[in-house]
Amino acid sequence: MVKSLKEIKKSLYESSKDLLPIVLVIGFFQIFILQQPIPNYEDLLIGSVFVVIGLALFVRGLEIALFPIGEAMAYAFARKGSLFWLLLFGFCLGFGTTIAEPALIAVAGEAATIAADGGMIGDSAADRSSYATGLRITVALSVGAAILIGIIRILKGWPIHYLIIVGYAGVVIMTAFAPKEIIGIAYDSGGVTTSTITVPLVTALGVGLASSIKGRNPMIDGFGLIAFASLTPMIFVMLYGMFV
Amino acid sequence: MDVLQHILRVGWSTLGDVLPILAIILFFQFAIIRKPIANPKRLVVGFFYVLAGLTLFLVGLEEALFPIGKLMAVQLTDPVFVHGEAASLSNPILWHEYIWVYLFAATIGFSTTIAEPSLLAVAIKANEVSGGVIKVWGLRIAVAIGVAIGISLGSFRIVTGTPLQYYIITGYVIVIIQTVYAPRLIIGLAYDSGGVTTSTVTVPLVAALGLGLASTVPGRSVLIDGFGLIAFASLFPIITVMAYAQISQWRSDRKEKYNSE
């Protein structure tokens, strides 16, 4: 009991260190630059306590659930030796976690507004909503495809930078042809697709796969799935902007 | 009472994030792998921790830090604050008048990245896999510096109105050159750190800053110029993480040389 109390204290202390920089930055700008009092002390204090406890719980959950299940599934698939099911699992994980991502829903809505203002689609609510839905499906498909390609890469042991350079080239080429209005949104969409729950799971999956296959180094081959998942949406969103 | 409602609302939407993942895992576990899950009780508790932790984390941010941070972004980009009371808006925009905006962008980018849970997750994993060679805090600070540079450069871009793609393409070229020289072990991790930096904490504040700038700087369109900060924040960490590995390697090489002499 004493030991677990100590552990809780330690993880709360760690989380407070994570939060401290934000508090310092906001305090500094509020007091010295904007020269205004800090509003609602109580809200601020309660909120910070929530953040610290929440972060500590999340890290604990990572260690006992998300990391182990990601690795366990990687090992199980590697032992089973069925490439098809492994790839399908990867695709579903990418597609399923992206389609419902709130940040993506927000970005898709904004993209529809831009398209309507630019006269690319009709300016009715129905047009916009179908444009936004199409965009979300496109991005989710691209993330699913990214995880799938990333898994094949781990299995084959291809160096990651070849694929990334091809991806960059794709982005640059698409940028030259895509409508100007969509470029900012397309570039941003790469960053918003990977949620806080997907990242640990996908990372554990990649590392688990690389450690269960002979001749793969988990450090060199295990990472990189997230990188693909942030690259492909840029290309796909610009494609979508061109053809829809 | 409001807080309780807020917790329920955020908890509900976090549950919406967790459920599809859980459904996929359970389907593959029972229909394809067909083996019982090891230690299911621990797993349930763990998922509950993740759910409760993320919910509390988000509610805390939304109750306390986001409102004041967003307000700050608006105030710092306010023309009266930037140019002083007397300045008229017809004057050409001087990019250096926005010095506080760049500084705010850099520091808020740095500090929100330190608090980003998905980056923490990747850092813990990288530390474990590398046998402690990659330090959790070393990686997080390297990524945070990258985000800081990215977001302040992104703000500069909005103020000056230069096209986004020039910056991003230059960044790509730097990444490719660095890839040739960086230690092979870091490359995958460095590429990954671009995607994990921008989630729950960073995006709302950074988006507020970008939209605030684009709507107050004369001649900028919110729709064309307001976006792109996230792209900066996902590109520059790749550069700084590789630089971190390059510097560490260089230092250990130098030490070895020194010792052998």
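The values are calculated or read from the model by the stated rules, or taken from the named source; none is laboratory data. For clarity, every value in this text was computed on a predicted model and none was experimentally measured. Glycine gets a Cβ as well: all are built from the backbone with ideal geometry, and neighbour counts include every protein chain shown. Surface accessibility is based on the protein's heavy atoms, side chains included, excluding ligands, DNA and RNA. Shrake-Rupley method; radii C 1.70, N 1.55, O 1.52, S 1.80 Å.
The figures follow:
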quantity	calculated
Residues of the stretch A:114-154 satisfying the condition of being free of Cβ contacts under 8 Å to residues at least 60 places away in the same chain, over 18 Å from the mean Cα position of the chain (by Cα) and surrounded by 15 or more Cβ atoms within 10 Å (Cβ to Cβ)	A:Ala116, A:Asp127, A:Arg128, A:Ser130, A:Ala132
Unmet requirement for A:Gly157, which otherwise passes all of (1) on the phi > 0 side of the Ramachandran plot; (2) surrounded by 15 or more Cβ atoms within 10 Å (Cβ to Cβ)	(2)
Residue identified as outside the structural domain of B:Leu65 (by TED's automatic domain parsing), outside any helix (DSSP H, G or I) and closer than 26 Å to A:Ser195 by Cα among B:Thr162, B:Thr200, B:Thr240	B:Thr200
Residues of the stretch A:67-100 that turn out to be facing chain B (nearest Cβ under 8 Å), farther than 16 Å from B:Phe27 by Cα and buried (at least 19 other Cβ atoms within 10 Å of the Cβ), as a count	2
Subset tally (residues that are more than 9 Å from chain A (Cβ to nearest Cβ) and either within 18 Å of the chain's Cα centre (by Cα) or touching a residue at least 24 places away in the same chain (Cβ under 8 Å) (or both)) for the stretch B:171-184	6
Condition check for A:Ala186: more than 7 Å from chain B (Cβ to nearest Cβ) and open to solvent by less than 10 Å² (accessible area, probe 1.4 Å)	yes
Residue among A:Ile53, A:Ile64, A:Ile46 that alone is of a type outside the set (Phe, Trp, Tyr) and modelled with pLDDT under 90	A:Ile46
Every pair of residues 6+ apart whose Cβ atoms lie under 8 Å, when the first sits in the stretch B:207-223 and is more than 12 Å from B:Ala105 (Cα to Cα) while the second is open to solvent by 40 Å² or more (accessible area, probe 1.4 Å) and among the acidic types (Asp, Glu)	B:Thr216/B:Asp78; B:Leu223/A:Glu110; B:Leu223/A:Asp117; B:Leu223/A:Glu181
The stretch A:166-182, subset under 13 Å from B:Leu164 (Cα atoms) and either open to solvent by 70 Å² or more (accessible area, probe 1.4 Å) or not in a helix (DSSP H, G or I) (or both), residue nearest to the other protein chains (Cβ to nearest Cβ)	A:Lys180
Per-region count, the stretch A:101-125, residues farther than 24 Å from B:Leu22 by Cα, at the interface with chain B (Cβ under 9 Å from one of its Cβ atoms) and small (Gly, Ala, Ser)	1
The lone exception for B:Leu209 - which of (1) more than 10 Å from chain A (Cβ to nearest Cβ); (2) not in a helix (DSSP H, G or I) it fails	(2)
Single match in B:Ile187, B:Ile168, B:Ile247 (criterion: under 22 Å from B:Gly131 (Cα atoms) and under 21 Å from the mean Cα position of the chain (by Cα))	B:Ile187
Of all residues in the stretch A:31-48 being facing chain B (nearest Cβ under 7 Å) and in a helix (DSSP H, G or I), the one that is least open to solvent (accessible area, probe 1.4 Å)	A:Gly47
